[in-house]
Amino acid sequence: MSDLTDLYQQVILDHQRRPRNFGDLEDADRRAEGYNPLCGDRINVELKLGDDGSVTDVRFSGQGCAICTASASMMTESLHGRKADDADHICRGFTDLVTGKREPEDAEGELGKLVVFAGVREFPVRVKCATLPWHTFRAALEGRGKPVSTE
Ligand code: ZN
């Protein structure tokens, strides 16, 4: 686990310093907001869907801690261009990984470099920071109007 923990810390720092796909998405088809009262993370996820049901663009905005920001940033990279079903599946896989229901070795084929987030298990209070963007993405995808809260 220690190699994965080092990699986890590097990835978090990199994405926190230079978040990818950060900002508002004009003409978004779907959007949702998420809030994690334990930490104070607040994020918005906006996305566009193509005619074939794929996620043609996805952005996030708001204010989150390093882990929330890095998770959201990597999420936008990995879900961009995915079919909605596929994206939903990855959201569930990611949540299972960080909550310990799935081991990184089993999840790697599906989640790719997202497996570094298995490192968050060593910091249990941060699990909700890591999963918030993914819950929010799913809410946006499903067109749920109600803000997402981790509590
Ligand atoms: Zn947080």
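The values are calculated or read from the model by the stated rules, or taken from the named source; none is laboratory data. Note that this is a predicted model, so its numbers are computed, not measured. The accessibility values were calculated without ligands, DNA or RNA, using every heavy atom of the protein model including side chains. Shrake-Rupley method; radii C 1.70, N 1.55, O 1.52, S 1.80 Å.
Taken as entire DSSP H runs, the helices of the chain that both span 18 Å or more between Cα atoms along their own long axis and average 0.5 or more on the Kyte-Doolittle scale are 66-79. Start at zero, step by 5 Å, and the Cα-Cα distances of the chain spread as 2, 11, 21, 25, 21, 14, 5, 1, 0 percent across the bins. Solvent-accessible area of the range 94-151 (1.4 angstrom probe, protein heavy atoms only): carbon and sulfur portion equals 51 percent. Once C-alpha pairs closer than 8 Å and six or more residues apart are averaged by separation and normalised to the residue number of the chain, the relative contact order reads 31 percent. Can you compute the helix-only [θ] at 222 nm over the chain? Use -39500 (n - 2.57) per DSSP H run of at least 4 residues, normalise by all residues, nearest 500 deg cm²/dmol. Estimated from H runs of four or more residues: -14500 deg cm²/dmol. The lysine pair tally for the range 3-149, using Cα distances under 23 Å and a gap of 8 or more places or different chains, is 7.
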